[in-house]
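Input: a single structure, listed below in structure tokens.
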Amino acid sequence: MFVPVAKRQSYLQMMLMNIYRRANNGCKNVDGKVAIISGASYGMGQTMAELFAEEGAKVVMTARGKEKLDVAVKAITEKGYEAVGVVADNEKEEDVKKVFRTAVETYGDLDIVINNAAIGKQTVIEETTDEWLEHVYNTNVFGTGRYIREALKIFMPKRILLLRLSRALL
């Protein structure tokens with residue numbers, strides 16, 4: 001069944017807000033909350049960043065590519081919402097730390113982390129190399145672990161729930 005892009009995005013937006021509300025004891029909105037969203041320069045990450053900004057969150061958007069990230073951030077800030085972009089590769093520990101520093105230095109706190117950045121390219125396993133598999137694993141597994149580790153440093157003292165949604169690795 002074909003579903004138009006606009007309807008898919010509306011469904012995605014509704015689904016994401018329901019996940020957030022359930023995870024935060026029925027919180028009705030994210031107004032004033034600070035959210036990091038990785039992989040936010042296009043696709044699902046960009047849609048989430050736009051949604052959270054429209055709901056009143058201050059959004060810290062990350063991506064590896066500066067040009068697409070700048071365009072995505074500008075699309076939000078031109079509407080009068082708060083967003084900042086951080087060029088970061090979640091394979092690099094220092095980049096992940098920079099993302100969290102930026103959130104706290106820019107907005108004073110952190111409430112939400114959506115670790116969306118991942119390699120989702122479908123590849124036939126016999127056509128891959130060890131280097132490709134290491135790249136995917138470093139991004140999708142270790143990158144996620146780096147975000148969780150940094151988030152817990154902030155969330156544990158505040159007793160905030162950490163919710164992890166998973167994707168396939170290959």
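Please list the non-local residues whose amide H lies under 5 Å from the amide H of Val86, H modeled 1.01 Å from N, same-chain partners needing a gap of 5 or more.
Met61, Thr62, Ala63
Using a 7 Å offset from the Cα along the Cα-to-Cβ direction at both Met156 and Asp109, what is the distance between the two label points in nm, to one decimal?
Simple spin-label model gives 2.1 nm for this pair.
For Asp70 and Ile148 in one chain, what is 0.36 nm times their gap in residues minus the Cα-Cα distance, to one decimal in nm?
Here the answer is 25.6 nm.
Using 7 Å Cα-to-Cβ label points, what is the Thr123/Asn29 separation (nm, one decimal)?
4.4 nm
As a quick test, which of the pairs Lys68/Lys98; Lys121/Lys158; Lys97/Lys158 have an alpha carbon distance above 30 angstrom in this structure?
Too far apart for the 30 Å limit: Lys121/Lys158.
To the nearest 10 Å², what's Asp95's accessible area with a 1.4 Å probe?
40 Å²
Find how many whole Å separate the alpha carbon centroid of region 28-73 from the alpha carbon centroid of region 123-137.
Here the two parts' Cα centres lie 29 Å apart.
Mind giving me the nanometre distance, one decimal, between the label points for Leu133 and Arg101, set 7 Å out from Cα along Cα→Cβ?
It is 3.5 nm.
The values are calculated or read from the model by the stated rules, or taken from the named source; none is laboratory data. These numbers come from a predicted model, not from an experiment. Neighbour counts run over all protein chains shown; Cβ positions are idealised from the backbone, glycine included. Just so you know, the surface numbers come from the protein's heavy atoms only, side chains and all, with ligands and any DNA or RNA stripped out. Shrake-Rupley method; radii C 1.70, N 1.55, O 1.52, S 1.80 Å.
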